[in-house]
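This report concerns only the one structure given below.
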């Protein structure tokens, strides 16, 4: 089955199986920021933006993305560097496995709510599991990025 997706502002066409998940389609086509963590939609490592909204690509069928815009971390390089640098300065980058999804989710939050409260930040980023940091340093970096510290 053939699908057309705009990925990081580039029109792409892929042949996919009807049961293929978007995470697999993206990874096999070179988008390495998408991670596979749990395959159960509970860790957030596979997060991408679909039409600007975070989704879990490990449980989202590729055919559902047909005709939509998908953004991966590779498509948000400038913003990712800004936010990633702040997270690193706060010590929130230990293994880095969760960082791509956390950054994409935060970018989507910023576009949706430029001045969120701490609770709104925690709620929006809730699906991004981190096994290393305890979230405090990441939250500090996110707040600096959003200008709400």
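How far is helix 136-146 tilted, in degrees, relative to the longest principal axis of the Cα atoms in the chain, given as a value from 0 to 90 rounded to the nearest 10?
Approximately 80 degrees, to the nearest ten.
Measure nothing but the geometry: give the 0 to 90° angle between the long axis through the Cα atoms of 99-112 and the longest principal axis through the Cα atoms of the chain, rounded to 10°.
For 99-112 against the chain, the angle is about 80 degrees.
Across every pair of different alpha-carbon atoms, what Kirkwood hydrodynamic radius in Å does segment 2-74 reach?
Across segment 2-74, the inverse of the average 1/r is 11.8 Å.
Given R₀ = 25 Å, FRET efficiency for residue 69-residue 19 by Cβ-Cβ distance, to 0.05?
0.65
Taking Cα atoms, how many degrees apart are the long axis of helix 77-89 and the longest axis of the chain, rounded to 10 and kept between 0 and 90?
Long axis of 77-89 versus the principal axis of the chain: about 40 degrees.
Please work out whether segment 1-40 counts as rounded, prolate or oblate from its C-alpha gyration tensor, where a ≥ b ≥ c are the square roots of the eigenvalues and a/c under 1.5 means rounded, while otherwise a/b larger than b/c means prolate and anything else oblate?
Oblate, since a/c reaches 1.5 and b/c is not below a/b.
Residue separation times 0.36 nm, minus the C-alpha to C-alpha distance between residue 129 and residue 28: what's the value?
Additional length available on full extension: 34.0 nm.
Return the inverse of the average 1/r over all pairs of distinct C-alpha atoms in the chain, which is the Kirkwood hydrodynamic radius, in Å to one decimal.
15.5 Å
Relative contact order for segment 76-146: what percent, with Cα pairs under 8 Å and sequence separation of 6 or more?
53 percent
Students often get this wrong: which residues of segment 13-57 have the backbone nitrogen under 13 Å from the point 7 angstrom along Cα-to-C-beta of residue 2?
The answer is 13-16.
Over segment 37-110, consider all pairs of different Cα atoms and compute the Kirkwood hydrodynamic radius from their mean reciprocal separation; express it in Å, one decimal.
Radius from the Kirkwood sum: 12.8 Å.
Give the Cα extents of segment 76-146 along the principal axes, in whole Å, largest first.
Principal extents (largest minus smallest coordinate, Cα): 28, 25, 18 Å.
Where a number appears in this text, it was derived from the coordinates with a stated rule and is not lab data. Source: prediction; values computed, not measured. Every residue, glycine as well, gets a Cβ built from its backbone with ideal geometry; the counts of neighbours run over all protein chains shown.
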